[in-house]
Amino acid sequence: MSRVIDTCLCYVGLFVLALLLPRPATAAFPTDSTVNVPLCIATGDQKYPIIIQDNWGGSVVVWEDPRSDAGDVYAQRLSKAGVPQWPVNGVALCAATGQQQWLHITSDDAGGTIVVWQDPRSGTMDVYAQRISANGTPQWTANGVAICTAVGDQTFLAIAPDGTGGAIITWADTRSGTNDIYAQRISFDGVVQWTANGVPVCTAAGDQHYGEIVPDGAGGAIVAWEDSRSGPTQIFAQRISSDGTPQWPANGLALTTNSYNKNEPAIVSDGAGGAIVAWTDWGSSGVAPDIYAQRLSVNGTPQWPANGVPICTAAGNQIYKTLVSDGMSGAILTWQDSRSGNNDIYAQRISASGTCQWPANGVALCAAAGDQLTPMIATDGAGGAIVSWEDHRNPTVDIYAQRISAAGAPQWTANGVGICTAPGDQHSPTIASSREGGAVIAWSDQRGASYDIYAQRVGANGEIGPTVDDVSSGTPLSFALDPMSPNPTCASALRVHFTLPNSAAASLELLDVAGRRIAAHDVGSLGAGMHTLDLAEGHRVTPGLYLVRLRQGASTRMTRVAVLK
């Protein structure tokens, strides 16, 4: 009931804020890459922003902020048009003593955001979290709810939605003297759900850290981490149920077992209750890291060859990888690549069966002069992705982006579109999909005397600035399935457009007139937003009449389509 009340208050609160809160009435996404939208220009250096799509067609950004202390946690919400919705320079989520850092965020499925961070207020690093509603009001205990305050340090946090408006958080924990992996679930109302200070995910010998987490679509989560229990660092994973019970072998399932070091796992849901995990693989040379990946089923069974599928084994270093779902139980990965001598940006798509879909060792998204660093990725809602990065082609560091289609073709200007080319250096880009197939990018910006937080939108066609139908504030996303268009259509163009209001488990199915299922995809892992998925990909669809069904919880939408040759 409290969640229903909170959602209703969001509508009231947003109306009141529109009347009372000061904010720049003319601020919106500009069409000039040297201007951009300021989210925070307070004193001190604001750094390490993280962005997430909200349920209103806009986005929420959080960052580390030292304006009144060593480092606090602040947030700002942007409307679809790029208008800040909360007080100027953001809302404080935590202003406790010490430097709060290592921020991570997820949606609360009601237009708000749950933020987690590591916190030194006790003298050691603990884990705290806060939820902020769509109207900019912190919802839990002032300065955050304690997730873990056990002895020792709790670091390297990660967070995933639990599908009910709460979240599951994981971290590296030194209470035993070495780093172990622990997790805790917190409800929408800010109440921890599992054992005080978390449940152990892995307490094996050696150090375990750099845990990453995704939802399993059933109220639990899958965690992957770096593990040194047997000498060379390996990659392990564990699935935790909604009640905090490990589902796979005790202390985790080994994804790698050979004698080479692997580290820095990245993970994405596979849309079928499992996950795809990628990692940096140092191989026999130990000097030129490559990228490998493995898919795990909901039962913890590796789906691809032992020790993973090579994503890129080109010369030089392939590091700083990240990945996103392709909407077809596969993934699109991007990384920083030094095969040319400089650092460039590359990408690769891997199918559900573990086959790379684009040219061997990836497609170059940017091979411009200078170094391109720290790529971040978001889905484009059409089976492709949008990637943003720090770019050193000019005398100062700028922010650039490129879109790549599901077929592996870069869609915008060669070597990317300039998102921010303002004076000074821009660092730490973070990206979230927008409702229209583009993305919103935020970063730390030194165009002034100190680092501030700025943002910009890039459209599906590579244009920067607002969309033609932007408004200062939208309405919450509704559960929707668009009519098929064109209709009739051909089997090679069976693209379905739909909208999810949250990240709860959802399915998209193609049925024949007798109700037999021809194709099915778990789409809840795509999260809240507008999405496009090709139902025919990977399936043989013969001419005839079909039903398309979208389901999420108790909600169902159906539409008809005629398929021609």
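The values are calculated or read from the model by the stated rules, or taken from the named source; none is laboratory data. The structure presented is a predicted model; accordingly, all values stated were derived computationally and were not measured. Glycine gets a Cβ as well: all are built from the backbone with ideal geometry, and neighbour counts include every protein chain shown.
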Legend entry - Boolean, residue 200 is out of contact with any Gly (no Cβ under 6 Å at 6 or more places or on another chain), at pLDDT below 95 and either crowded, with 18+ Cβ neighbours inside 10 Å or outside the structural domain of residue 376 (by TED's automatic domain parsing) (or both): no
Inset, instruction - Test each condition in (1) closer than 30 Å to residue 532 by Cβ; (2) in a strand (DSSP E or B) for residue 427 and report the one that comes out false. - result: (1)
Inset, instruction - Return the only residue of 241, 269 being small (Gly, Ala, Ser), surrounded by 19 or more Cβ atoms within 10 Å (Cβ to Cβ) and assigned by TED's automatic domain parsing to the domain that holds residue 294. - result: 269
Legend entry - Which numbered condition residue 96 fails, given (1) assigned to a strand (DSSP E or B); (2) farther than 20 Å from residue 209 by Cβ: (1)
Legend entry - The lone exception for residue 435 - which of (1) in contact with a Phe, Trp or Tyr (Cβ under 8 Å, 6 or more places away or on another chain); (2) surrounded by fewer than 24 Cβ atoms within 10 Å (Cβ to Cβ); (3) basic (Lys, Arg) it fails: (1)
Legend entry - Residue satisfying condition, being modelled with pLDDT under 85 and either within 20 Å of residue 382 (Cβ to Cβ) or surrounded by fewer than 19 Cβ atoms within 10 Å (Cβ to Cβ) (or both), within set 548, 513: 513
Legend entry - Meets criteria (assigned to a loop (DSSP other than H, G, I, E, B), among the hydroxyl-bearing types (Ser, Thr, Tyr) and over 19 Å from residue 55 (Cβ atoms)) for residue 542: yes
Legend entry - Filtered residues of the range 501-549 (kept if touching a helix residue (DSSP H, G or I) at 6+ places or on another chain (Cβ under 7 Å) and under 22 Å from residue 56 (Cα atoms)): 503, 504, 505, 506
Legend entry - Residues located in the range 53-93, provided they are basic (Lys, Arg) and either assigned to a strand (DSSP E or B) or within 16 Å of residue 430 (Cα to Cα) (or both): 77
Inset, instruction - List the number of the failed condition for residue 45; all other conditions in (1) surrounded by fewer than 24 Cβ atoms within 10 Å (Cβ to Cβ); (2) in contact with a strand residue (DSSP E or B) (Cβ under 7 Å, 6 or more places away or on another chain) hold. - result: (2)
Inset, instruction - Inspect all residues belonging to the range 12-27 and state whether any of them is modelled with pLDDT under 95, crowded, with 16+ Cβ neighbours inside 10 Å and over 30 Å from residue 99 (Cβ atoms). - result: yes
Inset, instruction - Read through the list (1) in contact with a Pro (Cβ under 7 Å, 6 or more places away or on another chain); (2) more than 14 Å from residue 453 (Cβ to Cβ); (3) buried (at least 24 other Cβ atoms within 10 Å of the Cβ), then give the number of the only condition that residue 36 fails. - result: (2)
Inset, instruction - From 227, 207, 216, grab the single residue that is charged (D, E, K, R) and touching a Phe, Trp or Tyr at 6+ places or on another chain (Cβ under 8 Å). - result: 227
Legend entry - Exclusive hit being outside any strand (DSSP E or B), surrounded by fewer than 17 Cβ atoms within 10 Å (Cβ to Cβ), touching a residue at least 24 places away in the same chain (Cβ under 8 Å) and not assigned by TED's automatic domain parsing to the domain that holds residue 379, set 250, 288: 288
Legend entry - Condition check for residue 389: touching a residue at least 40 places away in the same chain (Cβ under 8 Å) and in a strand (DSSP E or B): yes
Inset, instruction - Would you be able to say whether some residue in the range 179-193 is in a strand (DSSP E or B), of a type in the set (Gly, Ala, Ser) and more than 23 Å from the chain's Cα centre (by Cα)? - result: no
Legend entry - Selected residue (criterion: surrounded by the fewest Cβ atoms within 10 Å (Cβ to Cβ)) from residues of the range 227-238 that are in a loop (DSSP other than H, G, I, E, B) and of a type in the set (Gly, Ala, Ser): 231
Inset, instruction - Just one of (1) part of a loop (DSSP other than H, G, I, E, B); (2) over 20 Å from the mean Cα position of the chain (by Cα) trips up residue 273, so point out which. - result: (2)
Legend entry - So residue 218, is it crowded, with 24+ Cβ neighbours inside 10 Å and under 19 Å from the mean Cα position of the chain (by Cα): no
Inset, instruction - Read through the list (1) in contact with a strand residue (DSSP E or B) (Cβ under 6 Å, 6 or more places away or on another chain); (2) closer than 27 Å to residue 107 by Cβ, then give the number of the only condition that residue 373 fails. - result: (2)
